[in-house]
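Encoded as structure tokens, the structure appears first; notes follow it.
The values are calculated or read from the model by the stated rules, or taken from the named source; none is laboratory data. Note that this is a predicted model, so its numbers are computed, not measured. Here the Cβ is made from the backbone with ideal geometry for all residues, glycine too, and neighbour counts use every protein chain on show.
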Amino acid sequence: MSLERVLEPEVMDSPQEAEDYNAMDHSEVNRVFVGDLINFAGSREKRLGDVLDLGTGTALIPIELCLQEPDCRVMAIDMSVNMLELARYNIEAEGLIERIELALVDAKQMAFPDGMFSTVISNSIIHHIPEPACCISEMVRVTASGGILYIRDLLRPDSDEQVDRLVETYAGQENDHSRQMFDDSLRAALSIDEIRELVVQNGFPAEDVQPTTDRHWTWSSSQP
């Protein structure tokens, strides 16, 4: 039985939050996410094509994706102005400004046309959203027929002790604010049953969502 969900702020929009997030070492997690995405697309014989990244933060995943996959382009969206300012700096530093576009967009109500993107991805946006059903349905709506949905997020632990262990293991070397952000995020995350229910409501099999690490679940599907 998971802990009761405790919501955190939907938008990390202070300069300090953006700077602390950007300074945390996400490199291995991001490489694994991108590698898993590419492998999933390959297993379905799909091209990534035009990619939408929801909750991009400082655009570290789009950068990693473009470095690994030379043919894709990414629309990277977030609701935090300060995150996007750092994202622009990161993109320019990697020379990827022609391939990654940034936009201030609410993932719960996007103005993009139906089926606009051949691939829709997100790493750790769902736990920020109080009622994530609308975000899930928007992800499905903007994914092209036959396109890929690849969503990963934190998995809510079963106990306070497990939260403490995960924070110490994965954020023990970070500053106090960064450790608290990770603690808050774990407590705001969904359980496997909760995310599977939302996926099923949108017409996908529950088994498309699987626990993939000691702190993550992953939803990987192809749009019918």
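Answer yes if at least one residue in the range 77-86 is hydroxyl-bearing (Ser, Thr, Tyr) and at negative phi, and no otherwise.
Taking every residue of the range 77-86 in turn, at least one turns out to be hydroxyl-bearing (Ser, Thr, Tyr) and at negative phi.
Among the residues of the range 142-160, are any touching a helix residue (DSSP H, G or I) at 6+ places or on another chain (Cβ under 6 Å), surrounded by fewer than 21 Cβ atoms within 10 Å (Cβ to Cβ) and either aliphatic (A, V, I, L, M) or not in a loop (DSSP other than H, G, I, E, B) (or both)?
Checked the range 142-160: no residue is touching a helix residue (DSSP H, G or I) at 6+ places or on another chain (Cβ under 6 Å), surrounded by fewer than 21 Cβ atoms within 10 Å (Cβ to Cβ) and either aliphatic (A, V, I, L, M) or not in a loop (DSSP other than H, G, I, E, B) (or both).
Can you tell me which of Met83, Met110 is part of a loop (DSSP other than H, G, I, E, B), out of contact with any Leu (no Cβ under 8 Å at 6 or more places or on another chain) and surrounded by 14 or more Cβ atoms within 10 Å (Cβ to Cβ)?
Met110
Identify, please: which residue in the range 11-49 is at pLDDT below 75 and acidic (Asp, Glu) and is, among those, surrounded by the most Cβ atoms within 10 Å (Cβ to Cβ)?
Asp20
From the list Ser191, Ser222, exactly one residue is within 30 Å of Glu45 (Cα to Cα) and of a type in the set (S, T, N, Q). Which is it?
So the residue among Ser191, Ser222 that is within 30 Å of Glu45 (Cα to Cα) and of a type in the set (S, T, N, Q) is Ser222.
For the range 86-98, how many residues meet the condition of being in a helix (DSSP H, G or I), surrounded by fewer than 15 Cβ atoms within 10 Å (Cβ to Cβ) and of a type in the set (Gly, Ala, Ser)?
Count: 1.
Condition (residue is modelled with pLDDT of 95 or more, closer than 17 Å to Asn30 by Cα and acidic (Asp, Glu)) applied to the range 125-146: is it met by at least one residue?
no
Conditions first: (1) surrounded by fewer than 22 Cβ atoms within 10 Å (Cβ to Cβ); (2) part of a helix (DSSP H, G or I); (3) of a type outside the set (A, V, I, L, M); (4) touching a residue at least 12 places away in the same chain (Cβ under 8 Å). Pro62 passes all but one, so which condition is the exception?
Failed condition: (1).
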